[in-house]
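Where a number appears in this text, it was derived from the coordinates with a stated rule and is not lab data. All of these numbers come straight from a predicted model, not from anything done at the bench. Glycine gets a Cβ as well: all are built from the backbone with ideal geometry, and neighbour counts include every protein chain shown.
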Amino acid sequence: MARVAKELGFTTMSLYRHVASKEELLQLMWDASATGAETLVLEGRDWREKLRMWSVIQREMMDRHPWITQMPMAAPPLAPNSMHFVEHGLSAFDGTGLPAADRMRVLGLISSYTLSDARMANDAARAVKKALEAEGRVSLPDQAKEPLDPTAMPSYEALLRELIDEPTFPRLYRMAWADESARLKDEHTEFLLALEIILDGVQALIKQSPKGSPRLS
């Protein structure tokens, strides 16, 4: 809080006239990142398309504000913009018959996955910047202008090839030396693929629900 006050040109005590604690400041920061959520419209023919759009919007917001991935999450966001965003997520389930508690569990699962994936991508990008800066190939102003692609780092498979042998790790070995053309190299495509697997599980949950609608895909 002292560093924030200094950056703003205020004393620490004057900052506390506006926010009661660091935790409240973090909540306000998170809520500010969701500005515009009130007017969000989820487009799609069914719950799946709308929920996919909700998750992609969330991921794009985290990519625009990568500092979110470094924030401690001691409590769920409860400020207005955040609640509007959750409300829109719940609206995707209208007509499915899925119980309210399950709807919140699904949103929590998707949000946890989205945050985790964004955090890994951001950590990888930061590692690339640090490595390139150490080599003198990028300066701090350059880093601020354009984020670096985390795919510039060696892939997991490439690292495995340097570390493992086939007799000890036969399955990892086969994966590491699998056909390169079969791999998805685009991080966003990888994100969407895993999201579809989650949505497949949601679809099964809806079908198992006593009030689930068989008309929805």
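Comparing Cα centroids, segment 1-73 and segment 94-121 end up 18 angstrom apart. The stretch between Glu87 and Thr39, if pulled fully straight at 0.36 nm per residue, gains 16.1 nm over its current Cα-Cα span. Take the Cβ atoms of Tyr173 and Ile197, set R0 to 22 Å, and the FRET efficiency comes out at 0.35.
Between Asp94 and Ser116, the contour length at 0.36 nm per residue exceeds the Cα-Cα span by 5.2 nm. Identify all aspartates and glutamates with a Cα-Cα distance to Lys130 below 19 Å; exclude those on the same chain that are fewer than 8 residues away in sequence. Reachable aspartates and glutamates: Asp63, Asp142, Glu146, Asp149. With neighbours defined as other Cβ atoms within 10 Å of a residue's Cβ, the residues Glu43, Glu38 order from fewest to most as Glu43, Glu38. Loop-located chymotrypsin sites (Phe, Trp or Tyr not before Pro) in segment 71-125 (DSSP state other than H, G, I, E, B) with a sparse environment of at most 14 neighbouring Cβ atoms within 10 Å are absent.
Give the residues of segment 51-71 whose amide nitrogen is closer than 15 Å to a point set 7 Å from the Cα of Glu133 in the direction of its Cβ. Counting only backbone N, you get 67.
When the trypsin sites (Lys or Arg not before Pro) in segment 42-127 are filtered for DSSP coil states and for at most 12 other beta-carbon atoms within 10 Å of their beta-carbon, the remaining sites are Arg45.
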